[in-house]
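Throughout, read-outs are computed from the coordinates displayed, never taken from laboratory work. As the structure is a computational prediction, the values presented were derived from the model and not from experiment. A quick note on method: Cβ atoms are made from the backbone with ideal geometry, for glycine too, and the neighbour counts reach across all protein chains shown.
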Amino acid sequence: MEELVRTIAKALVDNPDEVDVRTAEQEDEIVIELRVAESDMGKVIGKQGRIAKAIRTVVKAVATRENKRVSVEIVQ
């Protein structure tokens, strides 16, 4: 799933080298943190958060198939 988020984010941003994706496992879920350059934040979030919501939807669909609970956080 980490590679999926990385691939999607790199396709959206102007600075693909600055895309950083990390996975942290908490008690009952996996948290995927996505970091991009500050100038690319708007491209990853999208108008009214539509792109971010779409990324989360795709990841949750994959996680559901694997019976895992996953959340995606976009951080600076």
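In the set Ala24, Ala9, Ala37, only one residue is among the aliphatic types (A, V, I, L, M) and loosely packed, with under 15 Cβ neighbours inside 10 Å; that residue is Ala24. A Cβ distance below 8 Å, combined with a sequence gap of six or more or placement on separate chains, defines the contacts here; from region 62-76, residues that are surrounded by fewer than 10 Cβ atoms within 10 Å (Cβ to Cβ) reach residues that are of a type in the set (Asp, Glu) in the pairs Gln76/Glu38. The condition (being assigned to a helix (DSSP H, G or I) and of a type outside the set (D, E, K, R)) is satisfied by just one residue among Ala24, Ala63: Ala63. The residues in region 44-57 that are farther than 16 Å from Thr23 by Cα, assigned to a helix (DSSP H, G or I) and touching a helix residue (DSSP H, G or I) at 6+ places or on another chain (Cβ under 8 Å) can be counted, and the count is 4.
Considering only residues that are part of a helix (DSSP H, G or I), over 17 Å from Val62 (Cα atoms) and in contact (Cβ under 8 Å) with a residue 12 or more places away in the chain, which ones fall in region 1-14? Within region 1-14, Leu12 is the sole residue that qualifies. Of the residues that sit in region 44-61 and are in contact with a strand residue (DSSP E or B) (Cβ under 8 Å, 6 or more places away or on another chain) and in contact (Cβ under 8 Å) with a residue 40 or more places away in the chain, which one is surrounded by the fewest Cβ atoms within 10 Å (Cβ to Cβ)? Of everything passing the filter in region 44-61, Val59 is surrounded by the fewest Cβ atoms within 10 Å (Cβ to Cβ). In the set (1) in a helix (DSSP H, G or I); (2) in contact (Cβ under 8 Å) with a residue 12 or more places away in the chain; (3) within 16 Å of Met1 (Cβ to Cβ), Met41 fails one condition alone, (3).
For beta carbons closer than 8 Å, sequence separation of 6+ or different chains, a first residue in region 15-37 that is more than 16 Å from Val75 (Cβ to Cβ) and a second that is surrounded by 13 or more Cβ atoms within 10 Å (Cβ to Cβ) and among the hydroxyl-bearing types (Ser, Thr, Tyr), the qualifying pairs are Glu29/Ser71.
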